[in-house]
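In what follows, a structure is listed as structure tokens, so that the remarks can point back to it.
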Amino acid sequence: MKRRDSETAGAALACDSCGQLPHPEKVRLTLANVAAMLPIELLVHAAVVHAALPYVLKVLVLTVTATVLVIWVAEPSARHALRGWLHAPALRHRCRLRSSPSLWHIHALADNPDGQQKLAETISKAGADILIQQSRGVAGAVLGELVVGAPDHVTHADLSIH
């Protein structure tokens, strides 16, 4: 059951054009890699330490086996097995976008921070949520680009600053 869920999550996040998945957060990827590699590393080290080999040969065997296991076994299998968990933030974000009855793309030019705050308050009063926000400086002002999810009854006038 879990495998189907992770495959469904992966399919839901794949790019329509190239089929690639978004990059997972670095912390999640690191935790998945540690979870996959730690048991393998411990077993290899335990086997080599108890083997009757010269020290240099032990180091060589550990280096080669650890490298091969990590590159070709642990990391790809961890990414595949934990695909749903690795990409959970992106999946939640996509679900929020798809579950919004109406999406609005708003461009707002503000010459002071109060303008953006008023816009945020207006959006909140309308019962809408800011799903994506990007801001950049433009000729002494701030251009805000927002994607807003709102109930069907919300109109342009409801989202405008009066």
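The values are calculated or read from the model by the stated rules, or taken from the named source; none is laboratory data. Nothing here was measured: the structure is a model prediction, and the numbers come from that model. Positions of Cβ are backbone-derived with ideal geometry, glycine not excepted, and every protein chain shown enters the neighbour counts. Ligands, DNA and RNA are stripped out before the accessible areas are found, and what is left, the full protein with its side chains, is counted by its heavy atoms. Shrake-Rupley method; radii C 1.70, N 1.55, O 1.52, S 1.80 Å.
Charged neighbours of LEU119, selected by a Cβ distance under 14 Å, balance to -4 (K, R count +1; D, E count -1).
Each residue, HIS45 and GLN117, gets one label point 7 Å from its Cα in the Cβ direction; the gap between the two is 5.3 nm. The accessible surface of the range 80-162, taken with every protein chain in place and a 1.4 Å probe, is 55 percent carbon and sulfur. Rounded to whole numbers, the Karplus 3J(HN,Hα) couplings from phi for the range 28-45 are 5, 5, 5, 4, 5, 5, 5, 4, 7, 8, 4, x, 5, 4, 4, 5, 5, 4 Hz, using 6.51 cos²θ - 1.76 cosθ + 1.60 with θ = phi - 60°, and x at Gly and Pro. Remark: the ASN33-ALA81 segment gains 16.2 nm on full extension, using 0.36 nm per residue and subtracting the alpha carbon distance.
Shape of the range 84-162 from the C-alpha gyration tensor: oblate (a/c of 1.5 or more and a/b not above b/c, with a ≥ b ≥ c the square roots of its eigenvalues).
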